[in-house]
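Read-outs throughout are calculated quantities, based only on the coordinates presented, and are distinct from any laboratory measurement. Here the structure is a predicted model, which is why all the values come from computation and not from measurement. As a convention, Cβ positions derive from the backbone with ideal geometry for all residues, glycine included, and neighbour counts pool all protein chains shown.
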Amino acid sequence: MGAQKKGATARVSEDPEELARHPLQAILLADSFTTKFRPITLERPKVLLPLVNIPMINYTLAWLESAGVEEVFVFCCAHSKQVIDYLESSEWSSQPNFSVTTIESHNSISAGDALRLIYERNVIHGDFVLISGDTVSNMSLTQALQEHKDRRKKDANAIMTMVVKQSKPSPITQQSRLGTDELFMAINPVTKQLLYYEDKAEYSKGFISLDKTLIADNPSVILHNDKQDCYIDICSQEVLSLFTDNFDYQHLRRHFVKGLLVDDIMGYKIFTHEIHSSYAARIDNFRSYDTISKDIIQRWTYPFVPDVLCGSSAIKVERQGTYRASDVTLSRSAQFGSFTFIGQGTKIGNDTKISHSVIGERCTIGSNVTIEGSYIWNNVTIEDGCQLRNAIVCDGVILKSGAVLQPGVILSFKVVVGQQFVVPAYSKVSLLQQPTQQDSDEELEYADSTSGTGELRSDKLNGDIAPDLSETASELGTGGVGYIWTVFEGAYDEEWRHSVAPIPTDKLVKLMLDKDEDEELLTQDGNVISASRELKTDSDGNGSEDDGNEDSRDDYVSFEKEVEATFLRAVHENVKVDLAVLEVNALRLSYNMASVDCGGAIFYSMMKLAVESPHNSASELHRNAADIVTTWQKLLKSFLHDIDEEIEVILKFEEMCLESAKEFAALFPQILHLLYDKEILQEDAILRWADEKEGADESDKVFLKRSEKFIQWLREAEEEEDDEDE
Amino acid sequence: MDFQVVVLAGGNSKNLTPLVSKELPKPLLPVANCPVLNYVLHQLEQSNLKDLIVVVEGEDAALLVGAWISGTFIDRLHVEIAAVPEDIGTAGALRAISHHLTAKDILVVSGDLVSDVPPGALAATHRRHDAAVTTMLCSIPVSGPLESGSSGGKDKAKKLGRYNIIGLDPSKQFLLHIATEIEKDARISKRILHAVGQMEMRSDLMDAHMYAFKRSVLQEVLDVKDTFQSLKEDVLPYLVRSQLKSEALLNRTPQGEENSTEKVSSQNNQAFISRILANASTPSFHGIYSENPDGSSSTRKTHKCCVYIASSSSYCVRLNSIQAFMDINRDVTGDADHLLSPNNIIGPSPKLGTKTTVGPNCRLGEGSEMGDKCQVKRSIIGRHCRIGSHVKVVNSVVMNHVTIGDGCIIQGSVICSNVQLQERVELKDCQVGAGFVVTAGSEYKAESLAKKEK
């Protein structure tokens, strides 16, 4: 480590052209501004969560130190006090040639805010490494830094170098082994310039659109679906000022990177640096926590492995990747599987089987316990006969005898699971109640607004809620303490994606089958599009037109439903006509409909209401209809401005009589007369409709014939009027 | 080799008026005194592809072409001539002769391709991958002569707007995406990216209009998609698009002769999933899609779309515009003179007057005569031309039986057969149609001169 560091620093200082040499600086964001690690992060910041028994931030800081960084600014927001306290008490505060400075903020809600704050502090003087505190890596920065500097000399607009790594997402789930969503990047293979970046945030279509100028400018562009973004960025100072200039940039990738890529005015460029043999990954969710823990145990991250990082506590590595602290009390009959870590002071009882798991310090594990693929932190008590599969168990948890954790369970700090209780798969259990207001757009880590530490808070809360829970026999069995968080609607299906548990086989099979269907659709879509686009002949243009009609048809149906709902509400809640008009108008605008459609839809709703109100005979139905029309004629009238719209209403009525409300068929002329009487329909409209229908098919003329008398009467009346005029 | 070759020779191309006419269809247009079709046929012969169908648009043109082929290639190639109506497109032409196709694979090549890329190499690539379609890609040629570019100016501008966008897999063997002439942004299917991981988008390659098709696939597509008109714009993109989910093969029996991919025997879910999880390497990205997740007997298939990329040093240009005609004539006498096949007979040396100089990169056909003090530079002069004295011919093509009067200056122009140029005519960047008479002393610049159609 030391040798590496020396090499790196020596190189920086030898750079001949850099007269005013700046120490290499790094910004470490000790807040991910997401809620993916809830409920654990309600009580402890993510960077302090143990990763194979060592807080995550230690991996990051140790790597930065070895990579030749001399000055680190740790930005803390959520639980900032805990982070600062931890750093002050740790070895990092007293390292020679490696200074760790904390920057505290209480109101930052995104990485963008953090960088703007750091810009104001004016502490960054040159190129810096931007990284979040949950990154594990052992890459050497030397080459990437050199590439960055060389590019900067040639082109001052090359302001950022992103580190990427080969990692093909699963063909079925479309997510990487770190549980992150698939990523599409376009990179120029020669210059390594990043040209396009798309993560799942805007996943909607089955296509990627590359700007045509982008292809014209680069004779060769490689589109990658097999790369992983390591979230290690080498940035120039301009990056900070850019965040300040664009005060709406929040997310590093979604806003900043994409913003730069689409903005061709400033011409800033982002480049990529691919690492091949070294390790770099970021803990984004529970699945990556699981994956990276395993990678660490399997020593991919060497030298950042537990036995090297905490050299003092004498952790021994044994065969098959088992790590054991020196003073572990093990029963003779306990069985250890491969790739298991057992921390200091832990006691393990008889016939207990442990495999692929991490067990922290001072835990007490009883007899006949089975632990597979789980992460058990410190001071956990597991009584006899418990079974744990793919779970995360935080500090101070007590599992009473016979408790079972199904795959994917997260038990937050100090939860108690009752005897024989089975915690269902993917449950998240915490002593804290689930925050009730859930904003899906929320980017904010649960900010500790009161300056007290999370530890204190939870104690206090613990005291408050414990009696409650015992009274109600608790959600966690007898003697259990804690709330099982409910999963929000819709998110449930996705829960397995980011869980610590491996993806169940049945999900995979289901996904495969779903995907087949999707593909079929996609292929068909592709055909329609291409047929109309490529053939350019009229005969084939129809395909897309039909599609267009289909779309507007669907729109209309949902619009009609909305109008109906609005109308019914107006009827039941006695909303004033004026307000109803306003509401319908708002709907019209939002669905981009003409007022013709409104008239039709309102009339439809009125007639439907009439049919649906109780009636025994045709005359009662007529009366119902008359009542409704009388009450709401003003509403209807306000959307019938000209004759065409009135004709539309008649046509709509005809349609209803044929399809949805056949009961009206017999009443057609009467209702028509009613509408005429109420001055909703003018006689011109009715006559025009009659004229139009004259030429139609016999089958279409059913209603015309039925209302022949009425129309006859209308015509005569008109003639009389004419006569009188003369 | 069980390959049948279809040469789409075309007919009266509108792009090439006034160079082509009823008497001189496009396949017979002379390039360095040798019909353009000769270049393709020669290459095919060299690759030992001798079973040919030459498709010509129009009956009259077919007769002319047939007469020429039987005169030139008799006993060397087995050629059938097929006449198809005009303007039915390349796919239409293939559809019309579909019943003549019997071999396992079909090589389709455009008759106006002047290239030194051996068609055999394409055929071999096709066979090696057992592909549904293999297409030849070549570097986009540098268009336009160095000095006189005005006649081609329009074409050039057009060309810049139309380039192909081609997506290749990392090994550069498979064609994953093809789009021509985009006005909009390129749309790339994510599905294929999922399958292949990374795709290289190239805009510096050109589809050279030489394809090898699996016959069954080609016939199926032509049958089912009866609106497809162009191979390049309809059939090929369709095949590329559907390569992971081949509709072309769906309604055939699974045991058919043309199993395009390794047929996978039934597998149960567990084994399949575990294979994916173990990230077992499949022979190619097609493999994973050719398997059936539920283990039932598979009817889904994939087909492979392959590419053969000609090396950047090879010559490959299509004669589809006047500019291209000028370029090719310049190149085959200059840089790419190895293209001139041995049956391009160079007759007894023409008679030259005193002080007449013929520069390098020139061709003079048999029986042509030139007067005194003429200058010929970088030009081609056909057979039996009579050229007077003090004539300058630079960067031009003069076809057969042309009479050029004294003192004419011809630059960057094409003079078709039987044209008569009277004295002191000055032509710059012009095309003179067959049989036209240019009156004495006239000057033309960048014009197209032709007889009125009768």
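Take each residue of peptide B:199-212, count the partner chain Cβ atoms within 10 Å of its Cβ, and average: the result is 3. Sorted on the mean count of surrounding Cβ atoms within 10 Å across their residues, most packed first, peptides A:427-434, A:571-578, A:148-155 read A:427-434, A:148-155, A:571-578. Is any residue of segment A:604-636 close enough, with backbone N under 18 Å, to a label point placed 7 angstrom from the Cα of A:Leu658 along the Cα-Cβ axis, and if so, which? In segment A:604-636, the label zone of A:Leu658 (backbone N under 18 Å from the point 7 Å along Cα→Cβ) covers A:604. Residue by residue along A:212-221, Cβ atoms of other protein chains within 10 Å of the local Cβ number 6 on average. Across segment B:344-449, the fraction of Cα-Cα pairs farther apart than 22 Å, rounded to a whole number, is 17%.
Averaging over all projection directions, the Cα-based convex hull of segment B:47-109 occupies 4.6 nm² in the image plane. For segment B:344-449, the number of Lys pairs with C-alpha atoms closer than 21 Å, counting only pairs eight or more positions apart or on separate chains, is 14. When the charge dipole of segment A:553-723 is built from unit charges on Cβ atoms (+1 for Lys and Arg, -1 for Asp and Glu) and taken about the Cα centre, the candidate among A:Val575, A:Leu587, A:Ala625 whose Cα reaches farthest toward its positive end is A:Val575. Counts of other chain beta carbons within 10 angstrom of each beta carbon in peptide A:498-509 average 2.
Sorting check: for A:382-389, A:58-65, which peptide has the highest mean count of neighbouring beta carbons within 10 Å, and how do the rest follow?
Values: A:382-389: 22.1, A:58-65: 24.4.
The packing order, highest mean first, is A:58-65, A:382-389.
Packing-based ranking of A:673-685, A:347-359, A:32-44 yields A:32-44, A:347-359, A:673-685, ordered from highest to lowest mean Cβ neighbour count within 10 Å. Pairs over the 27 Å Cα-Cα cut-off, from the set A:Lys227/A:Lys258; A:Lys46/A:Lys165; B:Lys50/B:Lys451; B:Lys14/B:Lys214: B:Lys50/B:Lys451; B:Lys14/B:Lys214. In this label model, B:Thr357 and A:Asp351 are separated by 10.9 nm, measuring between points 7 Å along each Cα→Cβ vector. Normalising the Debye intensity of segment A:25-286 to I(0), with uniform scatterers on Cα atoms only, and taking log10 at q = 0.09, 0.12 Å⁻¹ returns -0.39, -0.71. Of the Cα atoms belonging to segment A:553-723, the radius of gyration and Dmax stand at 15.9, 49 Å. Sequentially through segment B:402-414, phi angles give Karplus couplings (6.51, -1.76, 1.60; θ = phi - 60°) of 9, 10, 10, x, 5, x, 7, 10, 10, 10, x, 10, 10 Hz, Gly and Pro residues having no value and appearing as x. Between A:Asn574 and A:Thr478, the distance separating the two model label sites (each 7 Å from Cα on the Cα→Cβ line) works out to 5.6 nm.
In sequence order, segment A:148-153 has phi-based couplings of 4, 5, 4, 5, 4, 5 Hz under the Karplus curve 6.51 cos²θ - 1.76 cosθ + 1.60, θ = phi - 60°, and Gly or Pro positions carry x.
For segment A:115-191, the set of chymotrypsin sites (Phe, Trp or Tyr not before Pro) satisfying both a DSSP loop assignment and a count of at most 14 other C-beta atoms within 10 Å is empty. In this simple spin-label approximation, A:Tyr302 and A:Gln166 carry label points 7 Å from Cα along the Cα→Cβ vector, and these lie 2.0 nm apart. Sequence-distant contacts, meaning Cα pairs under 8 Å at least 6 residues apart, place the relative contact order of segment A:553-723 at 19 percent. Placing a label point 7 Å from the Cα of A:Lys561 along the Cα-to-Cβ direction, none of the residues of segment A:593-619 has a backbone N under 14 Å of that point. Backbone N atoms of segment B:1-36 closer than 13 Å to the 7 Å Cα→Cβ label point of B:Lys50 belong to residues B:1.
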